[in-house]
Amino acid sequence: MTPILETRSLTKAFGGLVAVNDVSIQVEEGSTHAVIGPNGAGKTTLFNLLCGNFKPTSGRVFYRGQDITNVPLHQRAHLGIGRSFQIINLFPNLTVLENVRLAAQALGHDNFRIFRRASTIVSYVARAAEALEIVGLQGQASVPASVLPHGGKRKLELAILLAADPKLLLLDEPTAGMASEQVPELMQIIERVRSLGGRTIVIVEHNMNVVMNACDRITVMNLGQVLAEGTPAEIGANKQVQDVYLGELYDLPGAHA
Ligand SMILES: Nc1ncnc2c1ncn2[C@@H]1O[C@H](COP(=O)(O)OP(=O)(O)OP(=O)(O)O)[C@@H](O)[C@H]1O
Ligand SMILES: [Mg+2]
């Protein structure tokens, strides 16, 4: 089967620093695929190459078998590639619902039309409401985004992403800055997105609970390169991975197999 996403020898250099170095990965359609690795490993740079924010120095990116290496960011979004950012990007004075509706509308293809049919607006609101329900924010739809606690803002960010109805979601550290008791909620959201079907998730994550329990496959990066690739059990038992992570995987079942 054609992977939904594939990179071939993808490389990005910043001057002398090769942030992503000869990375070849395949992501299976419908899977949840984690990209892990220490700080500075090149994970965010890889995401920037996947969503079209950066042009690679060399190598190719394929989406559903199509070479999209030179397709710009906004066109990739229309193809169904959506990404979240490590840094939260919201309209603080607009309501939670408005933030999501704007995102739904931005990819609604008719955003330059001055007179929209009322029914279209209603459908954007409905789509936004649905996205809020997936992330569990339906109760806070009418409050300004600024009043949400940090964890709520991270959920809103996911709703904004979902409102554009992407088929491939690139999530860069969705639990960053979240209190540990909120992490299970995030995992439930991922499960809900998965249960909707037809979506593939690539997730950069430092929280090993999320990586080991919510993901089908894991790519481990270190110093810009792919160090290992496999199932959570395989990665948990990989000695090289344990060394790079300096015992972060210590308590995982199978980590010392
Ligand atoms: N725009 C840029 N210009 C120059 N160097 C950059 C740029 N973006 C990233 N780098 C460098 O590339 C390397 C990889 O950074 P990247 O942000 O991709 O790592 P990361 O794996 O996402 O790390 P973290 O876990 O800390 O988020 C780092 O050495 C970083 O300093
Ligand atoms: Mg990063």
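In whole Å, largest first, what are the principal axis extents of the Cα atoms in the chain?
The principal-axis extents, from largest down, are 58, 41, 37 Å.
Return the carbon/sulfur percentage of the accessible area of the chain, one whole number, probe 1.4 Å, all protein chains in place.
Of all accessible area on the chain, carbon and sulfur atoms account for 54 percent.
Considering only protein heavy atoms, what is the solvent-accessible area of Tyr63 at a probe of 1.4 Å, reported in Å² to the nearest 10?
10 Å²
On each of the three principal axes of the Cα atoms of region 44-94, give max minus min coordinate, whole Å, ordered largest first.
Each principal axis gives a Cα extent; for region 44-94 these are 40, 21, 14 Å.
So with the 1.4 Å probe, I'd like the accessible area per residue for the chain, rounded to whole Å².
Dividing the accessible area of the chain by its residue count gives 47 Å².
Given a 10 angstrom Cα cut-off, can you work out which residue in His206, His150, His33 is the most mobile in a GNM of the chain?
His150
Throw me the Rg/Rh for region 148-208, computed over C-alpha atoms with Kirkwood Rh, two decimals.
When Rh is taken as the Kirkwood radius, the ratio is 0.93.
I'd like the orientation of helix 150-163 relative to the chain: the angle between its Cα long axis and the longest Cα principal axis, in ° from 0 to 90, rounded to 10.
80 degrees
Mind checking the full-extension length gain between Val122 and Arg64? Use 0.36 nm per residue of separation minus the Cα-Cα distance, one decimal, nm.
Full-extension gain reported as 17.7 nm.
Using a 1.4 angstrom probe and counting only protein chains, how large is the accessible area of Ser146 in Å², to 10?
Its heavy atoms expose roughly 60 Å² to the probe.
Could you calculate the FRET efficiency of Ser180 with Ser142 from 1/(1 + (r/R0)^6), where r is the beta carbon distance between them and R0 is 30 Å, rounded to 0.05? Mind showing how you got there, number by number?
Numbers: r = 29 Å, r/R0 = 0.97.
The pair Ser180/Ser142 has a calculated efficiency of 0.55.
Kirkwood hydrodynamic radius for region 99-233: how many Å is it when counted over pairs of different Cα atoms?
With all distinct Cα pairs of region 99-233 included, I get 16.3 Å.
Can you compute the helix-only [θ] at 222 nm over the chain? Use -39500 (n - 2.57) per DSSP H run of at least 4 residues, normalise by all residues, nearest 500 deg cm²/dmol. Intermediate values should be presented prior to the final figure.
Working: 9 runs with 92 residues, N = 257.
When only DSSP H runs of four or more count, the value is -10500 deg cm²/dmol.
The values are calculated or read from the model by the stated rules, or taken from the named source; none is laboratory data. Given the structure is predicted, the values throughout are model-derived calculations rather than measurements. Reconstructed Cβ throughout: ideal geometry from the backbone, glycine too, with neighbour counts over all protein chains shown. The area values use the complete protein model at the heavy-atom level, side chains included, leaving out ligands, DNA and RNA. Shrake-Rupley method; radii C 1.70, N 1.55, O 1.52, S 1.80 Å.
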